[in-house]
Each structure stands twice: as C-alpha cells, then as structure tokens.
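Student: Got a structure here, written out as structure tokens. Questions coming.
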Amino acid sequence: MERIAVYPGSFDPLTNGHLDLIRRGLNVVDRIIVAVAINPSKKHMFTLKDRLEMVQMTIGDNPRVKVDSFNGLLVDYLKKCDTHIVLRGLRAVLDFEYEYQMALMNRRLDRAVETIFMMTGYKWFYISSRIIRDVLVSGGSVEGLVPDVVAKKLEKKFAKKQM
Ligand code: PNS
C-alpha cells in the first residue's frame, strides 16, 4: 500500500528547513503532498499564489511530491487526500508545545490521524519563516537560508519595494 503524507504549513515563505524536511520525508513515505494553508484569519506576508509558486518552483517536476492548497480543517483535507498521515518538522523545544497541541487536536477531531515528526536538520535549526520575514523587511539577505529560486523571487519583491 502506498504511504502518502500531507505536509501542511503556511510556507510564508518556504525555507531550506522545509525543503530538507520534504527531502527526508521522502525516505519514509512514498509520496508527500505539500499543503499550503489558506487560513484567511492569519496575516501572511505572501499571497497564497506567491506561497504556492515558491513551493512549486522549488519542487519542480517530482512525481512523488504534489503541491496543493487547503482551506478549513486539516483532518478534512486528509480525508480528501485519502490518507491519515501528517508530516511536521520539529526544531527546538520552542516548537514542541504548539506541535503537540495541534497533533492532539487533530487526533481528537479524527482518531485515525497520526502525525510524524522529523527533527529539522541541524543547519536549519535556527531558521523559521518568521525570522526570514524579519530579515527581509529590514533589508537583510536570506541567501543560503531559502531555496535559490525562492531567494531570487524574494530579492525581486523586496528590491521593488525599496525603489
Ligand atoms: O506553518 P504553520 O503556520 O505552523 O502551519 C500551521 C497549520 C497550517 C499546519 C495549522 O494551522 C493547520 O493545520 N490549520 C488548518 C486548520 C485546522 O485544522 N486547525 C485544527 C488543528 S490545529
């Protein structure tokens, strides 16, 4: 039986930490669906279109990875994808409480749901989308911290703002 994991997130923007997790996740499951959350109640720096584009450009054509977006409950989206596996990354203890809450809530909403946590690669331990956004708005470089195609897109976006 094919094992499919949904990797949900805001990806605002996609970082090398996310990409590392997708790559390593493929060593554990057969296919990954990277699910970009729409979440209208959350203020994002990048539009859904931009966030999807950044993930899609980075993944390219990989038959084992699908890029999609979802609205509403993750457990409902999992059913739509015909799977019960969620993939999430864990960095420091900082992430633990939030991730634990989400995993338990998802399991309460649907007993079949299992969340697989993978430790973030040590190189990306201190990186988060939030810290990348902070650096970007203050005019700093995020080269080497996000995939190259994403860095190019971000450079363009922020260069335009500064003109
Ligand atoms: O990258 P993020 O912002 O930490 O991702 C959070 C996300 C999108 C995985 C989470 O907010 C989510 O699953 N949202 C969908 C709504 C939902 O199912 N909520 C109940 C479980 S917490």
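The values are calculated or read from the model by the stated rules, or taken from the named source; none is laboratory data. Note that this is a predicted model, so its numbers are computed, not measured. All Cβ positions, glycine included, derive from the backbone under ideal geometry; neighbour counts span all protein chains shown.
Student: Looking only at segment 44-69, count how many residues are in contact with a helix residue (DSSP H, G or I) (Cβ under 9 Å, 6 or more places away or on another chain) and within 11 Å of the ligand (Cβ to nearest atom).
Tutor: 2
Student: Of all residues in segment 104-134, how many are hydrophobic (A, V, I, L, M, F, W, C), part of a helix (DSSP H, G or I) and exposed (fewer than 15 other Cβ atoms within 10 Å of the Cβ)? If you could, list the steps in order and put the result at the bottom.
Tutor: First, pick out the residues of segment 104-134 that are hydrophobic (A, V, I, L, M, F, W, C): 104-105, 109, 112-113, 116-119, 124-125, 127, 131-132.
Next, only the ones that are part of a helix (DSSP H, G or I) stay: 104-105, 109, 124, 131-132.
Subsequent filtering for residues that are exposed (fewer than 15 other Cβ atoms within 10 Å of the Cβ) retains 104-105, 109, 131.
Qualifying residue count for the region: 4.
Student: Give G139, G72 a once-over and let me know the one that is within 11 Å of the ligand (Cβ to nearest atom), loosely packed, with under 13 Cβ neighbours inside 10 Å and in a loop (DSSP other than H, G, I, E, B). Even if it seems obvious, please write down each step before you answer.
Tutor: Numbers: G139 fails: within 11 Å of the ligand (Cβ to nearest atom).
Only one candidate passes the filter, namely G72.
Student: Further, regarding this structure: Within the set of pairs 6+ apart or on separate chains, which have a first residue in segment 135-155 that is within 12 Å of T15 (Cβ to Cβ), a second that is outside any strand (DSSP E or B) and among the aromatic types (F, W, Y), and C-beta atoms under 8 Å apart?
Tutor: L136/F158; L145/W124
Student: Which of the residues spanning segment 49-66 are surrounded by 18 or more Cβ atoms within 10 Å (Cβ to Cβ), closer than 27 Å to V137 by Cα and of a type in the set (A, V, I, L, M, F, W, C)?
Tutor: L52, M54, V55, I59
Student: Does at least one position in segment 85-102 carry a residue that is in contact with a helix residue (DSSP H, G or I) (Cβ under 6 Å, 6 or more places away or on another chain), of a type outside the set (D, E, K, R) and outside any strand (DSSP E or B)?
Tutor: Scanning segment 85-102, I find no residue that is in contact with a helix residue (DSSP H, G or I) (Cβ under 6 Å, 6 or more places away or on another chain), of a type outside the set (D, E, K, R) and outside any strand (DSSP E or B), so the answer is no.
Student: Among the residues in segment 75-90, are any under 23 Å from V149 (Cβ atoms) and within 12 Å of the ligand (Cβ to nearest atom)?
Tutor: Initial filter on segment 75-90 (under 23 Å from V149 (Cβ atoms)): 87, 89.
Still in the running and within 12 Å of the ligand (Cβ to nearest atom): 87, 89.
Checking segment 75-90: at least one residue is under 23 Å from V149 (Cβ atoms) and within 12 Å of the ligand (Cβ to nearest atom).
Student: Right, something else. Please find, within segment 16-38, the residue that is farthest from V113 (Cα to Cα) out of those that are within 13 Å of the ligand (Cβ to nearest atom) and buried (at least 18 other Cβ atoms within 10 Å of the Cβ).
Tutor: Initially, segment 16-38 is screened for residues within 13 Å of the ligand (Cβ to nearest atom), giving 17-18, 21, 33-38.
Of the ones still in play, those that are also buried (at least 18 other Cβ atoms within 10 Å of the Cβ) are 17-18, 21, 33-37.
Details: G17: 24, H18: 21, L21: 20, I33: 15, V34: 17, A35: 16, V36: 19, A37: 18 Å.
Only one residue fits best here, namely G17.
Student: Given the conditions (1) more than 13 Å from the ligand (Cβ to nearest atom); (2) in a loop (DSSP other than H, G, I, E, B); (3) not hydroxyl-bearing (S, T, Y), and given that P13 satisfies all but one, which numbered condition is not satisfied?
Tutor: The failed condition is (1).
Student: So, one more: Residue by residue through segment 96-131, note down the ones that are more than 10 Å from the ligand (Cβ to nearest atom) and in contact with a Ser or Thr (Cβ under 6 Å, 6 or more places away or on another chain).
Tutor: I127
Student: If the requirement is being more than 28 Å from L136 (Cα to Cα) and modelled with pLDDT of 95 or more, which of these qualifies: V86, V34? Can you show your working first?
Tutor: Numbers: V34 fails: more than 28 Å from L136 (Cα to Cα).
Only one candidate passes the filter, namely V86.
Student: For S41, state whether it is within 12 Å of the ligand (Cβ to nearest atom), small (G, A, S) and modelled with pLDDT under 95. Walk me through how you get there before you give the answer.
Tutor: Numbers: within 12 Å of the ligand (Cβ to nearest atom): yes; small (G, A, S): yes; modelled with pLDDT under 95: yes.
It is true that S41 is within 12 Å of the ligand (Cβ to nearest atom), small (G, A, S) and modelled with pLDDT under 95.
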